[in-house]
Structure formats: C-alpha cells, structure tokens
Amino acid sequence: MKVAKTKKDLSPSQREEILTALRVRFEKNMKRHDGIEWSKVKVKLEANPEKLWSLGEMERTGGEPDVVGQDKKTGEYIFFDCSPESPKDRRSFCYDREALDSRKQAKPKNSAMDVAAAMGVDLLTEEQYGELQKLGEFDTKTSSWLKAPPEMRKLGGALFGDRRFGRVFLYHNGAESYYAARGFRGALRV
C-alpha cells in the first residue's frame with residue numbers, strides 16, 4: 001500500500017485496497033469475531049475515514065489488523081494487530097518519548113508510544129494482550145510493548161509480552177530499552 005497523499009486522507013483506490021485487505025482477513029479468520037457481520041463493519045469503516053486511515057497504517061506497517069470483538073455498550077468494533085509476530089515495521093523502538101530523550105547514545109529511531117499516537121492507535125493493554133493470545137499464538141519469536149501501568153512507568157519501567165514454551169508471559173524492562181525483535185501491537189475502536 002502506498003503512503004496517503006495527506007495525513008489521514010486515503011485516495012479512493014487506497015480506501016478500496018484497505019477495505020479489501022480487511023474483508024479478506026475477516027472472512028479468513030471468522031473465529032476471531034463470531035457473530036459479527038462484515039457488511040456492518042464496512043458501513044462503520046466507510047463512515048469513519050480517519051479510522052480507516054489508521055487501519056491502513058496498521059496494515060502498511062505489518063500489523064494485519066482484524067476485528068476481535070464489538071463493544072456491546074457503544075457498538076464500536078474493536079481491531080487489534082493480528083500479525084503472527086510483532087509488526088515488522090514497528091520494531092526497535094523504546095517505549096515512549098521520555099525514554100527516547102533520556103538515551104544519550106545509540107538512540108532507537110523512535111518510540112512505540114509516539115508511533116502509535118501518529119497512527120491514531122493505542123498500544124494493547126495487559127488485558128487486551130491476553131484476549132489476543134486466546135485467539136491464536138502470537139509473538140512466539142518476538143515480543144510486543146504493552147501499555148505500561150502509570151505507577152510502573154513513573155519508576156522508569158515498561159511492560160512487554162510474548163509467548164514462549166506454550167505460555168504467555170508479561171514482563172518488564174527499562175522503558176529506554178529497545179530490541180530488534182520487540183515492536184508494539186495496536187488497538188483501534190471504530
């Protein structure tokens with residue numbers, strides 16, 4: 001997918017391209033969204049061009065976004081990055097801007113929180129990561145930054161998750177750390 005002409009604005013062909021990719025993935029992975037109809041998801045997406053742009057960014061950076069549920073109170077559809085491994089073009093980032101600014105040498109190219117904000121998505125929470133891992137086996141060779149609890153971040157730490165040895169692990173690291181195999185997964189409500 002080509003980069004949009006202007007931020008948060010997709011051309012008609014780009015809109016069609018992302019809608020097609022989302023529909024194909026939706027139909028291929030029905031167990032992720034039992035009882036949800038694509039036609040209703042599509043209507044919501046077409047009515048929210050900025051959210052569709054965000055999904056396009058998730059797709060462009062290797063996230064393979066898919067519907068994983070619907071909020072019964074608001075009616076919003078919930079999308080998570082469902083790529084088998086942490087999205088390829090969102091790795092080697094430290095956790096946030098504060099962590100990035102604190103590094104004096106060997107700075108990463110960006111931070112997970114800054115990139116997520118620019119994409120219009122949120123990092124998965126601990127709870128959301130657990131929900132994702134119930135849908136399949138994710139991050140068996142990589143790991144993903146998760147939204148750190150404020151009290152952890154205040155102390156300089158951050159949270160990440162992965163799946164190893166048939167189990168899902170949540171663990172901590174200094175927020176300024178970064179690794180070639182650690183990226184982040186996004187969540188978006190439409």
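The values are calculated or read from the model by the stated rules, or taken from the named source; none is laboratory data. These numbers were taken from a predicted model, which means no experiment stands behind them. Reconstructed Cβ throughout: ideal geometry from the backbone, glycine too, with neighbour counts over all protein chains shown. To get the accessible areas, we keep the full protein, side chains included, count just its heavy atoms, and leave off ligands, DNA and RNA. Shrake-Rupley method; radii C 1.70, N 1.55, O 1.52, S 1.80 Å.
Numerical summary
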| read-out | value |
| --- | --- |
| Ranked by how many other beta carbons lie within 10 Å on average, peptides 99-109, 78-88, 126-136 from highest | 78-88, 126-136, 99-109 |
| Cut-off under 5 Å, modelled amide H: who pairs with residue 86 long-range | 139, 142, 143 |
| Note, ³J(HN,Hα) from phi for region 171-179, Karplus 6.51, -1.76, 1.60, rounded to Hz, x at Gly and Pro | 8, 10, 7, x, 4, 7, 6, 7, 9 |
| All Cα pairs of region 111-188, percent lying beyond 19 Å | 32 percent |
| Sequence of 122, 9 when ordered by accessible area, the most exposed leading, probe 1.4 angstrom | 122, 9 |
| Rh by Kirkwood over Cα pairs, then Stokes-Einstein D for region 55-190 at 1.567 mPa s and 4 °C, µm²/s | 87 µm²/s |
| q = 0.11, 0.16 Å⁻¹, region 1-124: log10 I(q)/I(0) [Debye, one scatterer per Cα] | -0.41, -0.81 |
| Most to least packed among 38-49, 144-155 [average Cβ atoms within 10 Å] | 144-155, 38-49 |
| Separation between Cα centres of region 42-91 and region 120-147, rounded to whole Å | 13 Å |
| Rounded to 5, the percent of DSSP beta bridges in the chain classed as antiparallel | 85 percent |
| Contact order relative to length of the chain, as percent, for alpha carbon pairs under 8 angstrom and 6 or more apart | 23 percent |
| Placed amide H near residue 157: partners under 5 Å, 5+ positions off or other chain | 175 |
| Karplus 3J(HN,Hα) series, Hz, for region 120-133 with 6.51 cos²θ - 1.76 cosθ + 1.60 (x for Gly, Pro) | x, 10, 10, 5, 4, 7, 4, 4, 4, 5, x, 5, 4, 5 |
| Net charge of Cβ neighbours under 14 Å - reference residue 91; Lys, Arg +1; Asp, Glu -1 | +1 |
